[in-house]
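Scroll down for the structure; my scribbles are underneath it.
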Amino acid sequence: MKGTVYSIEGKELRTIELDDAVFGLPVNDDVIWYAINNELANKRLGTASTKDRGEIHGSNAKPYKQKGTGRARRGDKKSPLLVGGGTIFGPKPRDFSYSIPKKAKRLAMKTILSLKAQSDALKVVEDFSIDSCKTKELAKLLGNFGEPTRTVLILKDDDFRLKRAAANIPWLSYLSYNRLRAHDLFYGRRVLLLETAAKNLSDFYNSAKHDAEAGT
């Protein structure tokens, strides 16, 4: 499919051929849902913890005798039925993370990229960097592409200067072409893709496809 390369001033420069295997796929809602939920589950800390009756600090003595009082039988004051007692079936530290097949994850990324390209939310931008590492310069550059909104910037490599400049912009997420996140991509209202990153994405996913077919 054909795409347009924009300058850093937001003007059209030239056309670019985008790989249909990455940017021209039909939307697969199911695989997007699985990828996003997998990422959210893997981010959960799972540190919530409560104490059961065996962990509560207190006496093990019976609060009153077993019979003759007319009250319910009590073994100790740590009963979950009493104020200050233990918690019944409360949360304990656990690991919520799990893995999904690599093919499904790659398909989700390509599907989201295709969705953004087909809805005109994706723009290919000529390669640039911020040599001064200043957030002010990057924010001014991004202003050439519209009002501030949830934006994803896909980099061609680990450009630490660009990452440092982007770190203080709350509505901007930056991703390397080979380490995409489904959640950020899907909920990004605008995706800016560096020109070299577009070519790198094609090579990256095509090589992954060949590796899978070869069984490596």
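The values are calculated or read from the model by the stated rules, or taken from the named source; none is laboratory data. Here the structure is a predicted model, which is why all the values come from computation and not from measurement. Positions of Cβ are generated from backbone atoms using ideal geometry, with glycine treated the same way; all protein chains shown enter the neighbour counts. For the accessible areas, the whole protein counts, side chains as well, though only heavy atoms, and no ligand, DNA or RNA atoms are used. Shrake-Rupley method; radii C 1.70, N 1.55, O 1.52, S 1.80 Å.
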Evaluated at q = 0.14, 0.17 Å⁻¹: base-10 log I(q)/I(0), Debye formula over Cα of segment 127-216: -0.52, -0.72
Accessible area of segment 1-159 divided out per residue, in Å², using a probe of 1.4 angstrom: 65
Gain upon complete extension [Thr47, Tyr64; 0.36 nm per residue less C-alpha separation]: 2.4 nm
Interchain or long-range residues, amide H under 5 Å from Ser173's placed H: Thr151, Val152, Leu153
Helix 195-214 vs. the chain, principal-axis angle (Cα, 0 to 90°, nearest 10): 70
GNM top mover of Asp159, Asp76, Asp184 - the chain, alpha-carbon springs below 10 Å: Asp76
Rg/Rh (Cα only; Kirkwood hydrodynamic radius) as it applies to segment 1-84: 1.58
Rounded if a/c under 1.5, otherwise prolate or oblate - segment 57-111, Cα gyration tensor axes: prolate
Fraction of accessible area attributable to carbon and sulfur, the chain (%, probe 1.4 Å): 50
Asn37-Ile16 FRET efficiency (beta carbon distance; Förster radius 41 Å; 0.05 resolution): 0.80
Calculated FRET value between Lys102 and Met1, using beta carbons and R₀ = 25 Å, to 0.05: 0.50
FRET efficiency estimate (nearest 0.05) - Cβ-Cβ, Asp203 to Lys140, R0 30 angstrom: 0.40
Which of Thr87, Thr15 is most accessible, then next, and so on - probe 1.4 Å: Thr15, Thr87
Using θ = phi - 60° and Karplus 6.51 cos²θ - 1.76 cosθ + 1.60, couplings along segment 156-172 (whole Hz; Gly, Pro as x): 7, 6, 7, 7, 5, 5, 5, 5, 5, 5, 7, 5, 9, 9, x, 9, 10
Antiparallel bridge percentage (DSSP; both residues within the chain; nearest 5): 25
Vicinal HN-Hα couplings computed from phi for segment 136-148 (Karplus, 6.51 cos²θ - 1.76 cosθ + 1.60; Hz; Gly/Pro x): 4, 5, 5, 4, 5, 5, 5, x, 6, 10, x, 5, x
DSSP-assigned coil residues among trypsin sites (Lys or Arg not before Pro) in segment 1-98, each with at most 12 further Cβ atoms within 10 Å: Lys11, Arg44, Lys65, Lys67, Arg71, Arg73, Arg94
Cα shape, segment 68-187, gyration tensor, a/c 1.5 rule: prolate
Sparsely packed chymotrypsin sites (Phe, Trp or Tyr not before Pro) within segment 71-174, loop by DSSP, other Cβ within 10 Å at most 16: Phe89, Phe96, Tyr98, Phe128, Trp171
Label-point gap, in nm, between Glu126 and Arg189 - each point 7 angstrom along Cα→Cβ: 2.8
Value of relative contact order over the chain, rounded to a whole percent, pairs C-alpha under 8 Å and six or more apart: 24
Helix 29-43 axis, angle to the chain major axis (alpha carbon atoms, nearest 10°): 60
Phi-based couplings in Hz for segment 85-97 (Karplus 6.51, -1.76, 1.60; Gly and Pro marked x): x, x, 9, 8, 6, x, x, 10, x, 8, 9, 8, 6
Charge context of Arg189, other residues only, Cβ under 15 angstrom, K/R +1, D/E -1: +1
